[in-house]
Structures are given as structure tokens and as C-alpha cells.
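The values are calculated or read from the model by the stated rules, or taken from the named source; none is laboratory data. All values derive from a computational prediction rather than experimental measurement. Neighbour counts run over all protein chains shown; Cβ positions are idealised from the backbone, glycine included.
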Amino acid sequence: MTTLGCCREVGRAAFLLSTPESRVLIDCGEKPDSFEATPYLYVPEIHPLSQLDAVVLTHAHLDHCAYIPLLYKYGYEGPVYSTPPTRDLAAMLQLDYLDVVNKEGKTIPYSSNEVKEFIKHSIVLNYGCVTDIAPDIKLTFHNAGHILGSAISHFHVGDGQYNVAFTGDLHYGKSRLFNPAVNHFPRLEALFMESTYGGAQDMQPSRADAEERLYGVFREVLGRGGKIIIPAFAVGRSQEVMLAIEEGMRLGKFPPVKVYLDGMIKEATAIHTTYPEYLNSELRNLIFKEGHNPFLAECFEQVDSAEKREKVITGEPCVIITTSGMLNGGPVMEYLRNLADDERNCLVFVGYQADGTLGRRIQKGWREIPIGNRETIVVNLDCITVDGFSGHSDRRQLMNFVSHMQPKPEKIFAVHGDENKTIDLASSIYKKLRIQTISPMNLETYRLI
């Protein structure tokens, strides 16, 4: 196993699984805070790209899928395995990514033609289907509970010789959208697991407490005539927050208010309704048996033009859910430019803010934000973080995920987390469960057998 990114950092996911007969790449994503930092695709282990047998995509967030089309630009011609919703969401987010990069005046890494190549070469698998993806590797996807179609990828190598699983991002707890991540496998020797919230202090409140806190913020800000901006990923966090808002408004937890959706949120939400089998049973029954689709509630309105955005900015108090989730581009910047100086307004963070992103800087208390070469945004509005909506497992859930896992792996690699968090999680798993646990660095190769 060669680590081509995502070790002791968040994002830039890319891992190469090699056997004497096969080579498979798992994920190929961007680093949220750095456009220049791509996975290490130029090292001899992965070259030439045309010799890869397969690419496996765990889920559709850009820190896992942004650079998959780039592989087709540089000679890869093989399949990309994912779940059906992951394929649809990834293509949508990749095209949006190109649009955002272009608007920021940067050089786009690939064109929409390469996104088409990715779609053409996609092979979709549902959870639980076992498929040969290389001469000596079988792949099975299992629910990861993170976003629509997110999958723990289980690789069965050789004739049952070795089994390794990659969690991608996981949520080991029930949410409004999904069931908890699967942690029972037929066999398992090695596990690569995310550790975004792996630090000892990274405890998240319950979903119910998080929702009550959000309702409290709404009551306070709307009461003083302010607007609420919620930066959220188009996929995952937006839908989770929409469901909480719809129920809160229906139950009278805060005054009725217009909720505007800006960015790719409407499209992403439509894809959620297209794949009901990937949602949890309560939400499925609500939509199909009781005929109540909370995503189509009257309070939600799409912002689909610059004129409409202008009206929202100058209009009545409202809630705005907009991309991007970490404030690294997208329509949220327009709202920030126009609404940040009014202290009645409020910016509510509901998702993870990676180091180096604009979101993390504002979260840390920066009050003047340089944008581009000359512009500075003065931040007077309230900045509040409502923990508990994350699609990632917190420290307690990560420990439980491994404790309740069957069978227990012989080795665990803690990846996808800041350096101190991956090391902390690795040492805690070892102390508690006596499983050999490693916090690898980028550009290392581990012999598993």
C-alpha cells in the first residue's frame, strides 16, 4: 500500500493498492485549502497511469474525487468503480469545481471532456455486491453513513489471502438521512480509517442537541432582524440541515422564514430523492408511504440568478444555505461581501473547516479577510459554530467503530486527519484494543503481507 496523499492532513485522498499482479488506486482528491497540492501522481509506484487496473471512489466529496478526471488526461483508460449516487454526485461536483476554479482566474486542471470520460468509464455497484476488479482483487462496497452513496471499500486479495478495507469518510451513528456505517465483514486483516475528529477532545454533541442549538440561533438572529448564512457542502450537510430546519419550522421551534438555497444544493437534493434505497427507512417511508417530501417544503427557494441573489441580500430577514462549505469559493463569498459588515447578521458553521481555509480563519476570530489582491472583507457579523451536524464520526464514535468491529483487524492505519489527531487516535486504539495502529505519512509504502 502506497500513500499518495491524505496522511496527517485532511483531503487529497489517494492510495495505491499493489499486488504482484494488480494495481488499484483508491480515491484521487483535492486538498481543500490549497489548489496547488494535488495527490502525488508522479511517483514511480503509480507510473505509467495506463498500467492501473482500476480506480475505486469511496464517495463524491471533492477531497476524494476532484482529480479523477485528471487521470484520463494523463493516460488512464480503465474503469472507476463507485456506487450509483457517487457517480452522479461526483460528476456534478467536478463540473461545478471547474466552474469555480475558472471564475477565480486559475488554470483548470482538466476540462469537461475528461469528466465525460470518467462517466463513460464508470462501473456502478450497489452495497453488498462482490465484483472482480483486477486479476486477484475482489471489491465489495458497504454503507459508510457519511453522505449519499458513501462506501467503505472492502478488498479481498488473492484467494482469501488478505483482506483490507478503506473507510473513506464515515459516520458511525444514525442521522436524519442515513443508517450508521457498517463494521461487520466476512474477513479483515487491515483497515485504513479516517480520523478527522480523532483528537481526544473531539466530542460532538448529539444531533438533537445540535438542532436545538441551531433553532436557538435562528430565534435570536431573526428576532433582531438579521440574516443567517449557513455555508454547507452541497452534498450531505445541506440536506441534513434542510431536514432539521423543515421539522423545526413545522413544529414551531422558530418563526416561519424563507430558506434560500444557493449553489449546487438543489441538484444534489434531487439526486437524494432519485436513490431512496440509500436513505434510512424512516425518511424513505416519509417520502414514499406518507407522501411528505421534506426537501420540497414551501419554505425552501432556489437562488438561480445574480438578480435573485441581489434580492435576497437586500430583502427581509431569511436563512441562506450556500456553498462552499469551507468558504473556499462559490456563492457564499458574494453573501459574505455584502452581509459581513452588519452585526445583526450571523454566519453559522455546521461542517468541518480544514486548516488554511477561509472558514477556519473566520472561525479562529479573524475580523479582516483579504480576498484576491486588493479586496478586504470586514467581518462584523456573529460567527457561531454549531457542532453535531458533521457527517464525520467524532472521537467516541471512531473508537466504538473499531471496538465493535467484527472481525478485529490485525493492523489499522489512521489517515485523513490533522497530524496530532491521527497520532492521538492511533495511540488510543493501540492502548485500548492492543491492535497495531499506524499514523502513516505521505509517500510511504507499507508491505501488508
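Please specify each residue of the range 91-111 satisfying the condition of being free of Cβ contacts under 8 Å to residues at least 60 places away in the same chain and touching a Gly at 6+ places or on another chain (Cβ under 9 Å). Before the answer, list the steps.
Within the range 91-111, the first condition is being free of Cβ contacts under 8 Å to residues at least 60 places away in the same chain, and the residues that meet it are 91, 94-95, 98-99, 102, 105, 107-108, 110-111.
Scanning the range 91-111 gives a single hit, GLY105.
Could you please give the count of residues in the range 277-317 that are of a type in the set (Gly, Ala, Ser), within 21 Å of LEU177 (Cβ to Cβ) and either in the same structural domain as ASN143 (by TED's automatic domain parsing) or loosely packed, with under 11 Cβ neighbours inside 10 Å (or both)? If you could, list the steps in order and put the result at the bottom.
Step one: of the range 277-317, the residues of a type in the set (Gly, Ala, Ser) are 281, 291, 297, 305-306, 315.
Retained after the next criterion (residues that are within 21 Å of LEU177 (Cβ to Cβ)): 281, 291, 297.
Now narrow it down to the ones that are either in the same structural domain as ASN143 (by TED's automatic domain parsing) or loosely packed, with under 11 Cβ neighbours inside 10 Å (or both): 281, 291.
Selection size over the range 277-317: 2.
Being more than 16 Å from the chain's Cα centre (by Cα) and among the acidic types (Asp, Glu) is the filter here; which residues of the range 1-37 pass it?
If the condition is that a residue be more than 16 Å from the chain's Cα centre (by Cα) and among the acidic types (Asp, Glu), then GLU21, GLU36 are the ones that fit.
Take PHE118 and decide whether it is free of Cβ contacts under 8 Å to residues at least 60 places away in the same chain and among the aromatic types (Phe, Trp, Tyr).
Values: free of Cβ contacts under 8 Å to residues at least 60 places away in the same chain: yes; among the aromatic types (Phe, Trp, Tyr): yes.
Yes: the conditions hold for PHE118.
For a quick check of your reading: which strands (runs of 3 or more DSSP E) sit entirely within the range 101-200 and have at least 2 residues that are within 19 Å of the chain's Cα centre (by Cα) and among the small types (Gly, Ala, Ser)? Full working, then the answer.
On the way: elements: 122-124, 130-134, 137-143, 151-157, 162-166, 190-194.
By residue number, 151-157.
Is there any pair with a first residue in the range 136-151 that is in the same structural domain as THR167 (by TED's automatic domain parsing) and a second that is crowded, with 21+ Cβ neighbours inside 10 Å and modelled with pLDDT under 95 whose Cβ atoms are under 6 Å apart and which are 6 or more apart or on different chains, and what are they?
HIS146/GLY391; ILE147/VAL235; ILE147/GLY236; ILE147/GLY391; LEU148/HIS272
Looking at (1) in the same structural domain as PHE185 (by TED's automatic domain parsing); (2) crowded, with 20+ Cβ neighbours inside 10 Å, which is the one condition that is false for ILE362?
It is condition (1) that ILE362 fails.
Find all pairs meeting these conditions: Cβ atoms under 9 angstrom apart; at least six residues apart or on different chains; first residue within the range 42-62 and touching a residue at least 24 places away in the same chain (Cβ under 8 Å); second residue among the basic types (Lys, Arg) and surrounded by fewer than 21 Cβ atoms within 10 Å (Cβ to Cβ).
GLU45/ARG23; ILE46/ARG23; GLN51/ARG23; LEU52/ARG23; ASP53/ARG23; ALA54/ARG23
Checking the conditions here, which among ALA234, ALA270, ALA190, ALA210 is touching a Leu at 6+ places or on another chain (Cβ under 6 Å) and either crowded, with 19+ Cβ neighbours inside 10 Å or outside the structural domain of HIS64 (by TED's automatic domain parsing) (or both)?
When all the criteria are applied, what remains is ALA190.
Taking ARG396 as meeting all but one of (1) within 21 Å of the chain's Cα centre (by Cα); (2) surrounded by 18 or more Cβ atoms within 10 Å (Cβ to Cβ); (3) assigned to a helix (DSSP H, G or I); (4) touching a residue at least 40 places away in the same chain (Cβ under 8 Å), write down the number of the exception.
It is condition (2) that ARG396 fails.
Check GLY263 against each of (1) buried (at least 18 other Cβ atoms within 10 Å of the Cβ); (2) at pLDDT 95 or above; (3) in contact with a Pro (Cβ under 9 Å, 6 or more places away or on another chain); (4) closer than 25 Å to ARG344 by Cα and name the one condition it does not meet.
Every listed condition holds for GLY263 apart from (2).
Show the residue pairs meeting these rules: Cβ distance below 7 Å; 6+ apart or different chains; first residue within the range 437-449 and among the acidic types (Asp, Glu); second residue surrounded by 13 or more Cβ atoms within 10 Å (Cβ to Cβ) and at pLDDT 95 or above.
Taking only residues 6 or more apart or on different chains, the pairs are GLU444/THR3.
Results for (1) free of Cβ contacts under 8 Å to residues at least 60 places away in the same chain; (2) closer than 19 Å to ARG396 by Cβ; (3) not β-branched (Val, Ile, Thr), shown as yes or no for each residue.
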position: LEU191; (1), (2), (3): no, yes, yes
position: TYR197; (1), (2), (3): no, yes, yes
position: GLN201; (1), (2), (3): no, yes, yes
position: ALA210; (1), (2), (3): no, yes, yes
position: GLY223; (1), (2), (3): yes, no, yes
position: ILE229; (1), (2), (3): no, no, no
position: ALA234; (1), (2), (3): no, no, yes
position: ARG237; (1), (2), (3): no, no, yes
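Each row is one residue, and each column tells you yes or no for (1) in a loop (DSSP other than H, G, I, E, B); (2) surrounded by 23 or more Cβ atoms within 10 Å (Cβ to Cβ).
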{"site": "GLY5", "(1), (2)": "yes, yes"}
{"site": "VAL24", "(1), (2)": "no, yes"}
{"site": "ALA37", "(1), (2)": "yes, no"}
{"site": "HIS64", "(1), (2)": "no, yes"}
{"site": "PRO69", "(1), (2)": "no, yes"}
{"site": "THR86", "(1), (2)": "no, yes"}
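Looking at (1) under 24 Å from the mean Cα position of the chain (by Cα); (2) in a loop (DSSP other than H, G, I, E, B), which is the one condition that is false for PRO409?
(1)
Return the pairs, sorted by first residue and then second, in which the second residue is in a strand (DSSP E or B), the first residue lies in the range 404-419 and is surrounded by fewer than 21 Cβ atoms within 10 Å (Cβ to Cβ), the beta carbons are less than 6 Å apart, and the residues are 6+ apart or on different chains.
Close Cβ pairs satisfying both conditions: GLN406/HIS184; LYS411/ALA190; LYS411/GLN436.
Go over the candidates TYR42, TYR67, TYR74 one by one and state the one that is among the aromatic types (Phe, Trp, Tyr), within 30 Å of GLY351 (Cβ to Cβ) and in the same structural domain as ASN163 (by TED's automatic domain parsing).
Values: TYR42 fails: within 30 Å of GLY351 (Cβ to Cβ); TYR74 fails: within 30 Å of GLY351 (Cβ to Cβ).
Exactly one residue qualifies, and that residue is TYR67.
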